[in-house]
Amino acid sequence: MVSGQIGGRDARTRAARWDLCLAGLLAPALAVMLLLFGGGLTLGGLQALGYLPGAGMTELTAAHFTRVLQDPDFLTSLGLTLHIALTSTVIAAVVSVALALALTRWSIRSRLVHFVLQVPLTVPHLVVAVSMLFLLAPAGLAARLAAALGLIASPGEFPLLVNDRGSIGILLVYIWKEIPFIALMVLSVLQNAGGELIEVGRTLKAGPWQRFRFILLPVIAPSLAAACLIVFAFTFGAFEVPWLLGRTYPMSLPVRGYKSYADVDLAARPEGIAIGLIIALVVMGAVALAVWLNRLAGSREAIR
């Protein structure tokens, strides 16, 4: 018993030394990252508070945040951004769970499923957005094909799916890109514990809905929620897809912030940075919650 205690103490000592060594190796890179990120955040905060000597503004004030938050157009842009982020996340989550459940057994025997799901993850969002523009624009490939097949009289009659009021083009890009990400996370959980639990449910004569509702859903819930929060954070703060496929009014928050920041009038820059900081706060909150849920899922897996 004494030798076991000594062995455990030695293992903990070696683990602590390894952690210190790893921290020492990572310290320079972490210092650079913290300096760049912290310096940029500090500079952005000062400019959002009105400190912009190049424009003759040196007095710190929260008036720019107040002006942004009280602007009706800000609330309109916020509503549009939440619509895009929430709708794409919910649809991607539902499709991903259904896809993961359908492919669970097959994915255990074949790597093809993982390869197919990983292909969209390698394609940049901007490339997908440009492709969607060429495909779904009124004079795009889909419109010309529909006209050639006689489904519509001319390409101009094709439904407006880009730069449209419902942001359909933006949603299609995000849904196509994020389904594989969520599906892979759910698949990994189902492969580790889902098969055994399903067999237990079948042994207990549980129906398909009961097995999903009372067995699988509690298992995948933390990982699914973490993945959805990451997707929400990304789609809430992304700029390129709404800029390319969105309408000129109302604009999403990232596009609105960029236009204010890039305005020729330097006095508009603090408001653009203020919008950027508001977006950053929402994104960091979502990511922090996702990290907590991921740790919760890991602790549950360790208990099993």
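All of the numbers you see were taken from the coordinates with simple rules; none came from a lab. Worth saying up front: this structure is predicted, and the values here are computed from it rather than measured. So basically every Cβ, Gly included, is an ideal-geometry build from the backbone, and we count neighbours across all protein chains shown.
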Checklist outcome for this item: Exposure proxy check on Phe158, Phe232: fewest-to-most Cβ neighbours within 10 Å is Phe158, Phe232
Checklist entry - Over the Cα atoms of the range 65-303, what Rg and Dmax result, in angstrom? => result 21.1, 70
Item to check | Label-point separation in nm, Ala221 to Ala139, each point 7 Å along Cα→Cβ | outcome: 5.3 nm
Checklist entry - In what order do Trp209, Trp292, Trp243 fall by count of nearby beta-carbon atoms within 10 Å, going from fewest to most? => result Trp209, Trp292, Trp243
Checklist entry - Taking amide H positions as placed 1.01 Å from N in the peptide plane, with prolines and chain starts having none, which residues 5 or more places from Phe158, or on another chain, fall under 5 Å of its amide H? => result none
Next on the checklist: Can you tally the net charge around Ala274? Count Lys and Arg as +1, Asp and Glu as -1, for every other residue whose Cβ sits under 14 Å from the Cβ of Ala274.
Outcome noted: 0
